[in-house]
Amino acid sequence: MKFYKNLYVGDTIKDPAKTKRKLKRYAKLNNVYLITYMAENRHLEIYHCLMLQQYYYKENPPYIIGIAGSQEEAAQIICRIAEESVSKTGKADLVEYLFMDERSESAES
């Protein structure tokens, strides 16, 4: 399981480091929703963390962009990402915006 370097964390997540540790161990958490990026689909999705218990996600772990305490909070985080994307790039391509820094870093190497 890989986490975005500038992980978006909702206000209701009190201890993000502890939550990340539990997610890595596939612990069953009640009120944790994940904003994920799956390369096959090339878009962001919201999942309850219990979805990671499925065999598919253990074999194909998602790239986690954000952690939220509710589905509504996860949607608010995606709105925040969209607003940041539009203000910085002028486009609402969230995936391009999120991975813009990684592409520029690899080009400089």
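The values are calculated or read from the model by the stated rules, or taken from the named source; none is laboratory data. If you're wondering where the values come from, they're calculated on a predicted model, not measured in any experiment. Note that we place each Cβ from the backbone using ideal geometry, even for glycine, and neighbour counts take in every protein chain shown. Note: areas computed on protein heavy atoms with side chains; ligands, DNA, RNA excluded. Shrake-Rupley method; radii C 1.70, N 1.55, O 1.52, S 1.80 Å.
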Considering only residues that are of a type in the set (A, V, I, L, M) and within 12 Å of the chain's Cα centre (by Cα), look in segment 1-21 and name the one that is surrounded by the most Cβ atoms within 10 Å (Cβ to Cβ). VAL9
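Just to confirm my filter: which helices (runs of 4 or more DSSP H) fall fully inside segment 47-109 and include at least 3 residues that are at pLDDT 85 or above and either of a type outside the set (A, V, I, L, M) or open to solvent by 70 Å² or more (accessible area, probe 1.4 Å) (or both)?
Working: elements: 55-59, 71-89, 94-98, 100-108.
Those helices (runs of 4 or more DSSP H) span 55-59, 71-89.
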Consider only pairs whose beta carbons are under 9 Å apart and that are at least six residues apart or on different chains; among these, list those whose first residue lies in segment 31-54 and is closer than 18 Å to ASP11 by Cβ and aromatic (Phe, Trp, Tyr) and whose second residue is open to solvent by less than 60 Å² (accessible area, probe 1.4 Å) and in a strand (DSSP E or B). TYR33/ILE46; TYR33/TYR47; TYR33/HIS48; TYR33/GLY66; TYR33/ILE67; TYR33/ALA68
Could you list all residues from segment 22-41 that are within 15 Å of the chain's Cα centre (by Cα), more than 18 Å from ILE77 (Cβ to Cβ) and surrounded by 11 or more Cβ atoms within 10 Å (Cβ to Cβ)? LYS24
